[in-house]
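The values are calculated or read from the model by the stated rules, or taken from the named source; none is laboratory data. These numbers were taken from a predicted model, which means no experiment stands behind them. Neighbour counts are summed over all protein chains in view; Cβ atoms, including those assigned to glycine, are modelled from backbone coordinates with ideal geometry. Heads up: the accessible areas ignore ligands, DNA and RNA and are worked out on the full protein's heavy atoms, side chains in. Shrake-Rupley method; radii C 1.70, N 1.55, O 1.52, S 1.80 Å.
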Amino acid sequence: MAVSMEGPLSKWTNVMKGWQYRWFVLDDSTGLLSYYTSKDKMMRGARRGCVRLKGAVIGIDDEDDSTFTINCDGKTFHFQARDADERERWISALEDTITRHSQSPSFPTSVTSHPITTTADFDTKLMEADAYLQILIKQTKALEARTDACEDEEEKKRLQSLVDVSNAMLESIKHSIVLMQVAKYACVEHMDSGRLTTMNGVPGTEDISTGDQLSNSGSGSTASLEQATEAIEEGGGQMTVLPVDTSTQTGSHTSSPISGPAVTLALQVPVLPQTSYSSSEDEDFFDADEFYQASPEKSPSRMPNNFQDSLSRNDPVKTLDQDFQEEEKENIPEVSVTGATPGKENPDVMMRGGICIVTDSSGSEEESTENMENHQSVITHLLSQVKLGMDLTKVVLPTFILEKRSLLEMYADFFAHPDLFSSIPDFEDPKDRMIGVIRWYLSAFHAGRKGSVAKKPYNPILGETLRCFWDLGTDNLDGEQELVTDGPIPWATRDNVTFIAEQVSHHPPISAFYAEHYNKNISFNAHIWTKSKFLGLSIGVHNIGQGCVWVRKYDEEYIVTFPNGYGRSILTIPWMELGGKVTITCAKSGYSCNIDFLTKPFYGGSKHKIKAEVLGPSEKKPFCVIEGEWNGVMYAKWATGQEEVFVDTKKMKIMKKKVQKLEDQGEYESRKLWNRVTEALSSRNIDSATEAKQFLEERQRREARERKEAGVKWETKLFHEDGEQWIYDNPLQKRLELQDKLQ
């Protein structure tokens, strides 16, 4: 056994509901991580269980520097090292072994040039073949439809010949899958009968044993194949070389004599378990999300490199140029216009300063579990190309995991409850104003995650902008509406909350955004630098930056920071959670708030929990503690002992933003910029969505090269850098100060 690393680790077990000491041995030659109850048991070969590392995925947690997980065979094993350094050593060794065994045969070429074929390998190949079959069926149907619609006889004849070839290929693949099934069951029958018919195709090793016994001519004793297998399992996958007398007769059949060296070669081949196992399956903790229960039959398989490119290709004839030469469709599905005439009869449409405004009626169309499972192979293959801790900023992710909106639009969801934001200046007591800021802040996150399936918004293009506003219903519709012509949205009124955002940097990716309510003299300026990190079974997004709430009436500034985001269970049905510590502070009043976004522990606990402590000036004991779920109900407990519902997001109606009609937006405004990608995703045309997305990304790269060659620096449109902050060029504070000087 080629041991590359061994030592103690703790392993989570469900029997004891806690961590249990185990001695682990990493065998690089077989790709197995075996574990024993002690080092002494390891010396005696009493293996407790093992983890098969081929195709495995290692996961870590940003919130804990000593634990890690291994996902394989549809199960997730949890381990704990003594410290961060020890975890790093194990992970490094495990990653090397996983990489080697995922890209090459499982056994050294010195033993045999043919890897052992197990039923799990058959299942993997069958899944791959079936995936290709479904792709080809889809392509053939699209080709048949195109042929039927073709009016040109010559073209139709050419297309029909392609259809005939495709159908013939379909039949061949179907026949091959049937043969693979037959071969699989034949192999299983031989294994069940206790016969080793062929050892990896090595010549001269057929029928090593006849019947159920292996003979030991040296001692005259016999051992059953089942006992031999047990010995292999306990011995860490190794078999002792046994001299075999192959002249044993069974009935009328006599096995052919086999030379000693041939037998030795066959018996030295390690026998691997078909799946990771433990002495008691009930002992181990396996991840089981409520959305998906993984099983070995449904475990993701690794696909060839070209699988991602061929997935869901509906129209193999259509090219990128043809796609972008087509006439632009009328509108994206996320904006609906009811009625033909703006006015009171049509509340979704209004005219402001000669601009037609529509209400955003976008919904959150959740991806079905079935559709996500269809793409697991691509996710698995993608993750095999990255390392733990790698920055994912430059990694191109598959289009099908995208949410149908830009990240800039997700930031606009901070104001999904604009009434809470605009009410902050109404409180006369600084203590109440701090509570108002906290209530608005904690109510902001649930609106950005409407569905249970986590999707990734578009990475904003450099220079991309977004403009929108919220009508609080306080406008005097019968009288004259006074517009804020020098504000972020010139067609918004003084009683609207307005929002504007810009992608000010691409490397690193920085988004800046600004919001204000003119009549209430309150504004919010923020920037967020996103840094994505690969964590194995999760993706962590660190949100670096801060925001500032400015209240003119009291000349106060409230500085807020942002939690990190985590995309969990990315191999099955992904879900989103927030984590990390954030603060809200007001230097003038002295009030502060510390908020913990608590990630779900793997051994119990609930999702989406928060705990906030609000402190007064120079106080160390909080006068208010807020607990609950950031996407559910949060409760406040005051120092007086009083308890009350602080925020109930389940009962809070999300106010819809208002935007310009698509045709009136500028080329780099978010909705118009991503229109083709959004349309393709809405119609589930992944291929067209990928092409449209690549077009935008390549254009951005080309423009960056041209600027570099010309020695031109990128100039932002709406924000400027001030130290480490990004500030809106024409904020409310600046405009009001100018008005005061002119009066």
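Checking each residue in the range 58-72 for being surrounded by fewer than 21 Cβ atoms within 10 Å (Cβ to Cβ) and either farther than 18 Å from LYS600 by Cα or at pLDDT 85 or above (or both) picks out SER66, THR67. Of all residues in the range 719-740, those that are part of a loop (DSSP other than H, G, I, E, B) and open to solvent by less than 40 Å² (accessible area, probe 1.4 Å) total 1. Just to be sure before I move on: is ALA515 open to solvent by less than 10 Å² (accessible area, probe 1.4 Å), farther than 24 Å from VAL647 by Cβ and modelled with pLDDT of 95 or more in the structure I sent? In short, no.
Taking the stated definitions as given, is ALA612 part of a helix (DSSP H, G or I) and either surrounded by 12 or more Cβ atoms within 10 Å (Cβ to Cβ) or touching a Cys at 6+ places or on another chain (Cβ under 9 Å) (or both)? The answer is no for ALA612. Answer yes or no as to whether SER606 is of a type in the set (Ser, Thr, Tyr) and over 20 Å from VAL647 (Cβ atoms). Criteria not met by SER606. Annotation: of all residues in the range 576-589 being out of contact with any Lys or Arg (no Cβ under 6 Å at 6 or more places or on another chain) and open to solvent by 30 Å² or more (accessible area, probe 1.4 Å), the one that is farthest from GLY565 (Cα to Cα) is LYS588.
Of everything in the range 76-94, what is surrounded by 16 or more Cβ atoms within 10 Å (Cβ to Cβ) and without any contact (Cβ under 8 Å) to a residue 24 or more places away in the chain? Give them in sequence order. Scanning the range 76-94 gives a single hit, GLU88.
From the list VAL625, VAL647, the one residue that fits, being open to solvent by less than 30 Å² (accessible area, probe 1.4 Å) and either more than 29 Å from TYR411 (Cβ to Cβ) or of a type outside the set (Phe, Trp, Tyr) (or both), is VAL647.
Within the bounds of the range 97-104, is there any residue that is at pLDDT below 80 and over 24 Å from the mean Cα position of the chain (by Cα)? Yes: the range 97-104 contains one or more residues that are at pLDDT below 80 and over 24 Å from the mean Cα position of the chain (by Cα). Total residues in the range 407-444 satisfying the condition of being hydroxyl-bearing (Ser, Thr, Tyr), crowded, with 21+ Cβ neighbours inside 10 Å and either at pLDDT 95 or above or in contact with a Lys or Arg (Cβ under 8 Å, 6 or more places away or on another chain) (or both): the figure is 2. Checked against (1) at negative phi; (2) under 27 Å from the mean Cα position of the chain (by Cα), GLY545 meets all criteria but (1). Restricting to the range 23-82, and then to whatever is small (Gly, Ala, Ser) and within 29 Å of the chain's Cα centre (by Cα), can you tell me which residue is nearest to LEU537 (Cα to Cα)? Filtering first and then ranking leaves GLY59. Where in the range 8-69 are there strands (runs of 3 or more DSSP E), lying wholly inside it, with at least 3 residues that are under 22 Å from SER569 (Cα atoms)? Of the strands (runs of 3 or more DSSP E) lying wholly inside the range 8-69, those with at least 3 residues that are under 22 Å from SER569 (Cα atoms) span 57-61. Evaluation of GLN481 against the conditions (1) open to solvent by less than 10 Å² (accessible area, probe 1.4 Å); (2) not in a strand (DSSP E or B) shows that the sole unmet condition is (1). Quick one: would you say GLY463 is touching a strand residue (DSSP E or B) at 6+ places or on another chain (Cβ under 8 Å), over 30 Å from THR76 (Cα atoms) and either at pLDDT below 95 or open to solvent by less than 10 Å² (accessible area, probe 1.4 Å) (or both)? When the stated conditions are applied, GLY463 passes them. Of all residue pairs spaced 6 or more apart or on separate chains, those with beta-carbon atoms under 8 Å, a first member in the range 457-472 that is within 28 Å of PRO574 (Cα to Cα) and among the acidic types (Asp, Glu) and a second member that is open to solvent by 10 Å² or more (accessible area, probe 1.4 Å) and part of a strand (DSSP E or B) are GLU464/GLU669.
Every condition in (1) farther than 25 Å from LYS611 by Cα; (2) surrounded by fewer than 22 Cβ atoms within 10 Å (Cβ to Cβ) holds for LEU537 except the one numbered (2).
Among the residues of the range 518-534, those identified as under 21 Å from THR485 (Cβ atoms) and open to solvent by 20 Å² or more (accessible area, probe 1.4 Å) are TYR518, ASN519, LYS520, ASN521, ASN525. The lone criterion from (1) open to solvent by less than 10 Å² (accessible area, probe 1.4 Å); (2) outside any helix (DSSP H, G or I); (3) not small (Gly, Ala, Ser) left unmet by THR97 is number (2).
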